[in-house]
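Here the structure comes first, spelled out in structure tokens, and everything after it is commentary.
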Amino acid sequence: MVKFVYAFDEGNKEMKSILGGKGANLSEMKKIGLPVPDGFTISTKACMDYYDKDKKISDEMKEEILSYLSELEKKTGKTLGGKDPLLVSVRSGAVISMPGMMDTILNLGLNDETVETIALNSDPVFAFDAYRRLIQMFSDVVLGIEKYKFDKIYQKYKTIDEKTLRKIVASFKEVVQKESRQPFPQDSKKQMFMAINAVFDSWFNHRAVVYRNIHHIPDDLGTAVNVQEMVFGNTGLESGTGVAFTRSPSTGEKVVYGEYLLNAQGEDVVAGIRTPKPIETLKDSLPAVYEQFMDVTSQLEAHYKDMQDIEFTIERGKLYLLQTRTGKRTAQAAIKIAVDMVEDGVLTIEEALLRIEPNQIHQLLHPTFDENSKGVAEELARGLPASPGAASGKIYFDSDQVKAAVLNGEKVILVRTETSPEDIEGMVNAEGILTSRGGMTSHAAVVARGMGKCCIAGCHEVVVSASQKKVTIDHHVFVEGDEISLDGTTGIVYKGIVETADASLSDDYNKIMLWSDERRTLKIRTNADTVNDAATALKFGAEGIGLCRTEHMFFEASRILDMRRLILAEYQEDRIKALDRLLPYQKKDFYDLFKLLGELPITIRLLDPPLHEFLPHEKDEVKHLSELLNKPVGAIEDRIASLQEVNPMLGHRGCRLGITFPEIYKMQVKAIFEAVCDLKEEDVNVSPEIMIPLVGFEQEFELMRELVQTTAAETLKNRGFTCDYTIGTMIEVPRAALTADEIAKNADFFSFGTNDLTQMTLGFSRDDSSKFIHDYQNKKVFTQDPFESIDINGVGKLMEMAKEKGRSVKPNLKIGICGEHGGEPKSVEFCHNIGLDYVSCSPFRVPIAKLAAARAAIKNSKF
């Protein structure tokens, strides 16, 4: 028989794939002697079995669950629904942490009889408060009755006592009867099984699916369900509940960082319903518990060798642990924690690098608020600096509005009283998040930090009226569409847009990059067409340019007219005159890049896009061009029409242009070598790498190689210099990959142009496929956009084939990648695994690629 259920004392932290993160860690804490309430875990296998059986719990599984419930009743001396009532929580627990995305139900086992028993034996206010919480939570999660229908009833009462709570419970039960057409279930075991079903169902709720898509978590992992004896933080001022991190999740500072509420249940802290107190004040309220808790945090961090996120409850002065997991953290915190743990001897450098997600590095590289601009900006309010960063944008109040505004090209700040898991899409799309309630461990704070989003929480001066689409901040009224700025590092809200400044990078960041450089084998280059872009990439540690797109240089205002003269010329002599005008511009472009990079390699791609991209399409622009060139409007329109193609990305572009208009490529090659010669006169030696685009046939490459060699030789001879240079090709047409051994005979290097290679292999237009790719991801045709991460099973096989065929002819053939995939961590790891020499990516992705390359080397070696 398949085992579906495990008691907490049967598991350990290595069983996450079966018990989920929560269940595995509860078992581990139990194992090392920490105070964990008893319970059992229904496994992730059970979840997938539930879906395999059309969302039904099999009789065998039900019998196993009841057997483990019976064991729990023996351990606790209590009975679910019995005279000495056992109350339990039913909580989700995914393999990979998904904070707040799935469902939890507390206080199960309460009914009209057991609540009276508990009221008689303890405090009636506590008993009926727990019962009203169960009815509301159960109704929301299991029965699908909206929370606000209960909130409206609860908020009518100014004082809460036993009499009031009895009325509230009765009113809540009436809502259940009206909305579900059935009474609130009184059978405690029925409650439990309905709750288990609901937790399994929540694996595929909308917010969980969105979260998994964002974080590329597979759908087939399933969630475990943890059934655990309840402990109560709402039994008076010697009881409480809280959440804490063993280090600051925002900065990484080595100090316990958390919050708690006395006389409260866990949902009160996480949901931001009440603003909690800092954990250090617990030593004044309950000093013995505080000391014990500090010892526990040290023990857990030492045991897991990582920063922990801990949930705890205090019941009548006794501490219980309800969860520990690896804490979500910002990039700044991730780097500081990793470096500190290496320096403290807790981690090796290799372990530390594997702890940092490469994409997190992105957060550190983008601008912060400019100090001068911030100094003159009007400060509106101060809240908790829940997640660092700088964000400016227009105010919107719900996720649908945020998504619509972002689709219209707006930058948006999501403003809420407090966020809930239903806000996930709004949080993903917003630049920043502002809430009026909640603490540093509230839903908004935890999720924002995990995403690297700027967030200010618990800003009490902010009064949100979402239904009226307005917010009042310090007597200023802002409506939907007004602009504010958030400084998530200081917690300050500013009026209007605050200008930004370049980010400054810490010594810890520099150490991570140094350690990465010492361990990676892949070289990291950049895609750059301008001196500014190249300088930015060099600052981040780029080791050359892997793709210089020459066509971008022609779009500048000072050059576009001559480029249009070239395209509109009817005769070759007119084209040559236009090219003579363009040559000095190109020469200076190359000179400036060569001078900046010195002896670092630069791969220059000759003109690639179809010519129609350089011509105007609006009538006013065509008329203006007609006047400038003294050509009839009709003639220009005819030429534009003649260049139009049904499918331009498969049309007259790349080396096809070089074959039909060789004078264009000759001008570019001459400009390259004129720049080389100018630098030689300054005693600067460069060795350009010239790349022919869109080659599919050996003969295409041969024609272009001969053109480059002839032009280079002539230019160098005229200037009296010699120069080492190489000629290679992009592998972006599937035929080039299939015949790479033929092309490699005369190629000095290959560079995979994975943007086009993906487009042509999949038959997806990269300009139009966004219309359906989202549906493909939702329907699991693939989990990740193939234009973002290499399609390893398709495009990847072509890449591996091209590499093998090319090196079968030339064992030392240099091979790299220059599509934007070159900065995506999974793609970088794939490039390492198949033995490429370098990856090339946009400047701001260079550090990401460096760390990803180091991690790939570590995973595939015996460091």
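Overview of values
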| read-out | value |
| --- | --- |
| Residues of the range 514-562 that turn out to be modelled with pLDDT under 90 and among the aliphatic types (A, V, I, L, M), as a count | 4 |
| Residue that is farthest from residue 698 (Cα to Cα) [pool: residues in the range 726-745 that are assigned to a loop (DSSP other than H, G, I, E, B) and open to solvent by less than 70 Å² (accessible area, probe 1.4 Å)] | 732 |
| Residues within the range 507-558 that are surrounded by fewer than 24 Cβ atoms within 10 Å (Cβ to Cβ) and either among the β-branched types (Val, Ile, Thr) or not in a helix (DSSP H, G or I) (or both), tallied | 14 |
| Leading residue by the ranking (farthest from the chain's Cα centre (by Cα)) among those in the range 182-211 that are at pLDDT below 95 and open to solvent by 60 Å² or more (accessible area, probe 1.4 Å) | 204 |
| Selection status of residue 722, open to solvent by 60 Å² or more (accessible area, probe 1.4 Å), assigned to a loop (DSSP other than H, G, I, E, B) and among the hydroxyl-bearing types (Ser, Thr, Tyr) | yes |
| Filtered residues of the range 641-665 (kept if assigned to a loop (DSSP other than H, G, I, E, B), more than 17 Å from residue 603 (Cα to Cα) and not hydrophobic (A, V, I, L, M, F, W, C)) | 644, 645, 647, 651, 652, 653 |
| Pair list, Cβ under 9 Å, 6 or more apart: the range 794-810 residue at pLDDT 95 or above, other residue among the basic types (Lys, Arg) | 809/745; 810/745 |
| Set 484, 473, 497: member being more than 22 Å from the chain's Cα centre (by Cα), crowded, with 23+ Cβ neighbours inside 10 Å and over 29 Å from residue 98 (Cβ atoms) | 484 |
| Filter result (open to solvent by less than 90 Å² (accessible area, probe 1.4 Å), part of a helix (DSSP H, G or I) and of a type outside the set (Lys, Arg)) within the range 629-640 | 629, 633, 634, 635, 636, 637, 640 |
| So residue 830, is it part of a helix (DSSP H, G or I), touching a residue at least 24 places away in the same chain (Cβ under 8 Å), open to solvent by 10 Å² or more (accessible area, probe 1.4 Å) and in contact with a Gly (Cβ under 7 Å, 6 or more places away or on another chain) | yes |
| Residue count for the range 174-208, restricted to those that are β-branched (Val, Ile, Thr) and assigned to a loop (DSSP other than H, G, I, E, B) | 0 |
| Residues of the range 833-849 that turn out to be touching a residue at least 60 places away in the same chain (Cβ under 8 Å) and open to solvent by 10 Å² or more (accessible area, probe 1.4 Å), as a count | 6 |
| Complete set of residues in the range 82-112 that are assigned to a strand (DSSP E or B), more than 16 Å from residue 139 (Cα to Cα) and among the β-branched types (Val, Ile, Thr) | 88 |
| Hits in the range 362-386 - residues which are under 22 Å from the mean Cα position of the chain (by Cα), part of a helix (DSSP H, G or I) and not aliphatic (A, V, I, L, M) | 362, 363 |
| Pair list, Cβ under 8 Å, 6 or more apart: the range 760-781 residue closer than 23 Å to residue 799 by Cβ, other residue hydroxyl-bearing (Ser, Thr, Tyr) and modelled with pLDDT of 85 or more | 764/758; 766/758 |
| Residue among 116, 146 that alone is closer than 28 Å to residue 160 by Cα and part of a loop (DSSP other than H, G, I, E, B) | 146 |
| Residue identified as β-branched (Val, Ile, Thr) and open to solvent by 10 Å² or more (accessible area, probe 1.4 Å) among 313, 326 | 326 |
| Residue pairs meeting the criteria (Cβ under 8 Å; at least 6 apart or on separate chains; first of a type in the set (Asp, Glu), in the range 360-374; second at pLDDT below 85) | 370/500; 370/501; 371/501 |
| From the options 105, 118, residue that is surrounded by 18 or more Cβ atoms within 10 Å (Cβ to Cβ), aliphatic (A, V, I, L, M) and over 43 Å from the mean Cα position of the chain (by Cα) | 118 |
| Hits in the range 666-718 (condition: out of contact with any Gly (no Cβ under 7 Å at 6 or more places or on another chain), under 18 Å from residue 732 (Cα atoms), outside any strand (DSSP E or B) and open to solvent by less than 80 Å² (accessible area, probe 1.4 Å)) | 695, 696, 698, 700, 701, 702, 705 |
| Leading residue by the ranking (least open to solvent (accessible area, probe 1.4 Å)) among those in the range 149-173 that are among the aliphatic types (A, V, I, L, M), assigned to a helix (DSSP H, G or I) and without any contact (Cβ under 8 Å) to a residue 40 or more places away in the chain | 153 |
| Single residue of the range 442-487 satisfying the filter (small (Gly, Ala, Ser) and without any contact (Cβ under 8 Å) to a residue 12 or more places away in the chain) that is nearest to residue 379 (Cα to Cα) | 465 |
| Residues located in the range 329-359, provided they are polar (S, T, N, Q), part of a helix (DSSP H, G or I) and within 18 Å of residue 517 (Cα to Cα) | 359 |
| Odd one out for residue 583 among (1) over 20 Å from residue 654 (Cα atoms); (2) open to solvent by 10 Å² or more (accessible area, probe 1.4 Å); (3) at pLDDT 90 or above; (4) in a helix (DSSP H, G or I) | (1) |
| The range 398-426 - residue that is over 18 Å from residue 383 (Cα atoms), touching a strand residue (DSSP E or B) at 6+ places or on another chain (Cβ under 6 Å) and part of a loop (DSSP other than H, G, I, E, B) and, of those, most open to solvent (accessible area, probe 1.4 Å) | 411 |
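The values are calculated or read from the model by the stated rules, or taken from the named source; none is laboratory data. Values in this document were obtained by computation on a predicted structure and should not be read as measured data. Note that each Cβ is placed from the backbone with ideal geometry, even for glycine, and that neighbours are counted across all protein chains shown. With ligands, DNA and RNA removed, areas are computed over all heavy atoms of the protein, side chains included. Shrake-Rupley method; radii C 1.70, N 1.55, O 1.52, S 1.80 Å.
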